[in-house]
Amino acid sequence: MIIALLWAAAVAVGVCLHAGAESSPSDGGGGPHVLPPIAALKTPPGVPLIAMALHPRCPCSPASVDELESLAGRSFQPVTVVVLVSTPAEDSEEWDEAFDRISRKLTSMRVIKDRAGAIAASLGMHASGATLIYDSAGRLVFSGGLTLARGMAGANPAAIEAMKRAGCSEAALPVDTHSPVFGCRLIEPGHREEVR
């Protein structure tokens, strides 16, 4: 009886620890305070930018994409939306198919195959769903995730507020809002992703 109770307690502790790891936020990075001159992020003068990094195999990516579409749809002015899909440096049919699925879904956005996550890493984006919003003057107004929990849709009020500020042309510097990112670690330079 005592052995059964100890075993049950050990299982309960393990489940709690695993659940905490699964629901805890990832490091999404902070992003440069001024939009860097990266060709993939080029936006017309005076147009805000939303950039999101995605891991195409992360189960949380669909919720992040849904929130990205919702956020972009809330803008009352033109906005450039760039999705950086992190893929291994080596070509693979499976990874290409994953990229193509995302590209077909996000036809109104610029979807870029980010080999070895080089662009995302240069922006300090390390987790799937990490998002940067730059205002019309190229200043960072938001960095973090658009979902409020891992794999769960639901608007992030901080991102919505940042999107409102992104269209302002006021001379005052906007507030840089940071929010946690709930997503898988991105493929990064020097990291070999197992291709099955």
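The values are calculated or read from the model by the stated rules, or taken from the named source; none is laboratory data. Quick caveat: nothing in here was measured; it's all calculated off a predicted structure. Note: ideal-geometry Cβ built from the backbone for every residue, glycine included; neighbour counts use all protein chains shown.
Points worth noting:
- Selection within segment 86-113 - at pLDDT 95 or above and closer than 20 Å to residue 63 by Cβ: 111
- Segment 68-123, residues that are assigned to a strand (DSSP E or B) and in contact (Cβ under 8 Å) with a residue 40 or more places away in the chain: 82, 84, 86, 87, 110, 112, 114
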